[in-house]
Every structure is written in C-alpha cells, then in structure tokens.
Amino acid sequence: MSVEHQPFPGSAGGKAGTPWTRGRVLASLAVLVAGLLMFHDAVPNAVGNLGSLLETFLPWVGLAVPLLGVLALLRRSALAAVALLLPVTVWAALFGGRLPPAERGAAHDLTVSQLTVLQLTVLQHNVADDNPDPAGTARALAGAGADLVALEEVTPEALPVYGAALAPDHPHRAVVGTVGLWSRYPLTDSRPVDIRPKDIEGDWSRGLRATARTPYGDVAVYVAHLPSLRVRLPDGFGSGRRDESAVALGGAIAAERLERVILLGDFNGTLDDRGLAPLTSRLIPARDGFDFSWPVAFPVARIDHVMTRAATPVSTWTLPATGSDHLPIAARIKL
C-alpha cells in the first residue's frame, strides 16, 4: 500500500505560501518599528526609563529596516516588503531633513555677504578630565576662531593649560567648578548656577552664568554639564539625576532677565530625549544634520549642544577629535 504525502500548508511546496501570505511576522515587526519611531513619546519611563533610552538612540531604530528587508527577500514575502514602506516613510519624515547635502562639508565656510548677517561663533567641548593631551586640545580649541568657548570637565591641574592657550584671543573668562567660559568680549555678572541633584553631596558645581558684552548687545551665556547616565540592572536607564538637573537649569533660564540667551554644554542626552524637555521647550537647539558627538571612537549620539533664546542658530558642525572622548561642537548664531 502506498501513502501519498501532502506538503504542509504554508511550506515551500504549499499553495498557501504565496508572496502575499508569507512573512506575516516580518510585516508585524515592520509595523512595530514604525510605531516605535512615530509614537516614541508613548513608551513609558515607569520601568527602567525605557522611553528615554529609546529616544537617546532613536535614529538608529531605522537600522531594523534593512535587516527586515533582507529577511523579506529571503522569505520572498511581498507582504513584508510592502509593510517596510511604513517605517521607511516614518524615518524619512523624522530624520530625512538631517541627512547632509553633498555640499555640507563646506557649510561653515562663509562668504562676505553671509558675514554681514552672522554675529557670533561659539564652541562647546567636554574636554574630559582624563584627557591625556590637554595642551594639544587647548591649541586646537584656541585655533578654531570662536568668539565664545565653553568647556566642561576642566580639572584644576589642566585649567592653567587651557587658560594660557585661550587667553590671547579670549582674554575674558569665568570658571565655576569644572565648567568654564572663555570670551573674546568682556564678561560681567558671572556666577554659579545651582543644578546639583538633591542626593549629591560634597563639592559638585557644574553650572555657570555670565553676561557677554558683545558689540551687538548683552547676551546671557550659560555653561552646564548635566549628570552622566548609567545603564545597569535593576534600575535600567539611570537618567534621574540628569533629568533633575535639566529641570533646575530650565528654571534658571526661565528666570533669566536678559532677552538673549546662549546655552552651551554637555547635557548627556539627545534632543529627542524627553528628559531634556525643560530645555528644548524653552530654547532653540542648533541642529544641522546628525553631528553625533559621542563617543569619539564611533559617535552614535549628539549629547553636546548649543541652544539659544531670542537668537537664531544658523549652522552647527563637529570639529576634529581631540584627546577627549567627545567631539567639539561649534555653531554660528545670528542675534
């Protein structure tokens, strides 16, 4: 007696496994990726601050698309291929404007007519307290041509090195704790800004405010270094201290009496991270492309920022690596 074996429904030999019925799981994953991109602010922070963790690396969620695309080809699934159009469209809507144009490499080379419009060039850099070459870093920053230079993680030992290199073109300075501001123009009313989280004790000062007396009028300049983040069990994405400092800094800026404000610093967060909402809701970020600034070996996030109030960031770019684990960030600002 012979037995005829029928192909399993949905297998390669089954009629049910058509290109429009195969790959339902892949199609569902494509919809999930699109949902995470579009509704990232709906992901709660109640468990391990997963929402902020997702937003820190939000552009990189798009890497799931080519992976799912390869799997869709292997599965020969037209359904999954069509479903992938959804996350592609959402990613393009969110981040397509940040993709650099071909000529962007020379975006900070200005014409004479542009120079009549742009007012200030500012530079922001976390120089790293373990920087093996502060002298080389100082020379690079001094030669960048900025009007204002803001530094974080300046140790007492390295402070004279940065001061000596920057002083010729930036004779005015204000230093509070581990943050400092060097200026081409006079600085007045320099004072600390209290952004210390409540559970931190001891000597911890990472915020300052000064008035820069520029030829275009007075500008309140803030320099801040928000607390670092940690990813560990069972806490998850530890951004509580950073978020608390952001609230304090946002309150200080809200109370600022001068109309024009420039904020420079290492905020240990991206512009998509809801933890920086106390700042991004009050200020205009300098954003031009992705310009990831950390870590220097393979930058994956822009956590160093320039923000303004009653002034317009015109362009921003990263500078070559120094001895720090961050890249320097520069911006031009129209007052």
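The values are calculated or read from the model by the stated rules, or taken from the named source; none is laboratory data. Since this is a predicted model, take the numbers as computed values, not measurements. Because the Cβ atoms are built from the backbone with ideal geometry, glycine has one as well, and the counts that use them run over all protein chains shown. Just so you know, the surface numbers come from the protein's heavy atoms only, side chains and all, with ligands and any DNA or RNA stripped out. Shrake-Rupley method; radii C 1.70, N 1.55, O 1.52, S 1.80 Å.
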(Q) Quick check: at a probe of 1.4 Å, how many percent of the accessible area of segment 163-246 sits on carbon and sulfur atoms? (A) 47
Q) In nm, to one decimal, how far is the R98 label point from the L50 one, both placed 7 Å along Cα→Cβ? A) 2.3
(Q) 5 Å is the cut-off here: which amide hydrogens, built 1.01 Å from N in the peptide plane, fall below it relative to R302, excluding neighbours closer than 5 in sequence? (A) S293
Q. What shape does segment 143-191 have by the C-alpha gyration tensor, where a ≥ b ≥ c are the square roots of the eigenvalues, rounded means a/c under 1.5, and otherwise prolate means a/b greater than b/c and oblate the rest?
A. oblate
Q) Looking at segment 205-335 from every direction and averaging, what is the projected area of its Cα convex hull in nm²? A) 8.6
Q: Would you tell me the accessible area of D41, worked out with a 1.4 angstrom probe on the heavy atoms of the protein chains, in Å² to the nearest 10?
A: 110
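When ligands, DNA and RNA are left out and all protein chains stay put, how many square angstrom of accessible area per residue does segment 114-249 have with a 1.4 Å probe? Before the final figure, lay out each step's value.
Values: 6080 Å² over 136 residues.
I get 45 Å² per residue for segment 114-249.
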Q | Separation of alpha-carbon centers, segment 266-335 and segment 53-82, rounded to whole Å | A | 28
Q | Most mobile listed residue (A144, A42, A248) in the chain, GNM with C-alpha springs under 10 Å | A | A42
Q | Segment A254-I200, length gained on full extension (0.36 nm per residue, minus Cα span) | A | 17.1 nm
Q | Interchain or long-range residues, amide H under 5 Å from R76's placed H | A | none
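Which length gain, in nm to one decimal place, applies between T89 and D129 when the Cα-Cα distance is subtracted from 0.36 nm times their residue separation? Write out the running numbers ahead of the final one.
Details: separation 40, 0.36 × 40 = 14.40 nm, distance 4.21 nm.
Length gained, T89 through D129: 10.2 nm.
Going by the alpha-carbon gyration tensor, a ≥ b ≥ c the square roots of its eigenvalues, is segment 15-65 rounded (a/c under 1.5) or, if a/c is not under 1.5, prolate (a/b greater than b/c) versus oblate? Please report the intermediate quantities before stating the final value.
Numbers: a/c = 3.90, a/b = 2.65, b/c = 1.47.
Prolate, since a/c reaches 1.5 and a/b exceeds b/c.
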Q: Would you kindly give the portion of the calculated P(r) for the chain that falls above 38 Å, as a percent of all Cα pairs?
A: 26
Q | Mean residue ellipticity (222 nm) of the chain, computed from DSSP H runs ≥ 4 via -39,500 (n - 2.57), nearest 500 | A | -7500 deg cm²/dmol
Q: At a temperature of 10 °C and a viscosity of 1.306 mPa s, determine how fast segment 167-254 diffuses translationally according to Stokes-Einstein, using the Kirkwood radius over alpha-carbon pairs as Rh; express D in µm²/s, rounded to the nearest whole number.
A: 110
